[in-house]
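The values are calculated or read from the model by the stated rules, or taken from the named source; none is laboratory data. Note that this is a predicted model, so its numbers are computed, not measured. Glycine also receives a Cβ, built like all others from the backbone with ideal geometry; neighbour counts cover every protein chain displayed.
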Amino acid sequence: MAELLEHQYLTFSLATELYALPVGRVLEVLECARITRLPCQEPYLKGLIDLRGRGIPVLDLRLRFGMEEAEITKNSAIIVVELAGEEAALVVGLLADSVEEVMEMAPDRIDAAPRFGSGPAGDFLKGIGRVEDSFFLILDMDKLFDSGEVEAACSPA
C-alpha cells in the first residue's frame, strides 16, 4: 500500500497555480470551517478549528508564500496533514483556495526543484510535476513551517 501512495499527490490551487502534497501525508480534506483566531501569532497561523473535539491549527499557505490573503469561498478547503514536529508529529490544517484531484505521477515526470532567485520559496519545494503542458509544484511539507511556532500555537497555555 505504501508503494501505491508513494507516487500519488493531492493537487490544490492557490491563486492561479497548482500545488501538490504526497497523499500519504494527507489525513483528510474538510470544507472550510470557522477558524478561531489566536492573538500574537505569525500572520500565516490563521487560528484553530475543532476537529472532533481537538483543536487543530490552520496555516494559510497563501500568506506563507507571500501571496495576498484570499477571501474564503465555497471552494476553499482545509487539507489536514501530518507535519514533522520537533518532538512528535503535528496534525495541522492547510488552507487552500480549492482542492483539485489526486494524481498519480511517475518519478520520471517529476523534475528537481529549481535553485534560482532569492528567498525561501525554493526551500519549500520538493519538485515540479509535469502534466501535459502544465506544471504543479510539489511541496516539502516538513520545510513549510517553523515547527516550534506551530507547536506553540497548538499547545495549551
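Taking into account only those residues within segment 117-149 that are assigned to a helix (DSSP H, G or I) and more than 13 Å from the chain's Cα centre (by Cα), which is modelled with the highest pLDDT?
Filtering segment 117-149 for residues assigned to a helix (DSSP H, G or I) gives 121-124, 141-143, 147-149.
If we keep only those that are more than 13 Å from the chain's Cα centre (by Cα) as well, we get 121-123, 147-149.
Details: ALA121: 56, GLY122: 63, ASP123: 71, SER147: 56, GLY148: 61, GLU149: 58.
Among those that are assigned to a helix (DSSP H, G or I) and more than 13 Å from the chain's Cα centre (by Cα), it is ASP123.
In segment 1-79, counting only strands (runs of 3 or more DSSP E) that sit wholly within it, the ones holding 3 or more residues that are within 17 Å of PHE136 (Cβ to Cβ) and under 12 Å from the mean Cα position of the chain (by Cα) span 8-14, 17-22.
If we scan segment 89-98, do we find a residue that is part of a loop (DSSP other than H, G, I, E, B), of a type in the set (Asp, Glu) and modelled with pLDDT of 85 or more?
Going through segment 89-98, the residues part of a loop (DSSP other than H, G, I, E, B) turn out to be 89, 97.
Right, trim to of a type in the set (Asp, Glu) and you get 97.
Cutting the leftovers down to modelled with pLDDT of 85 or more gives us 97.
Within segment 89-98, one or more residues are part of a loop (DSSP other than H, G, I, E, B), of a type in the set (Asp, Glu) and modelled with pLDDT of 85 or more.
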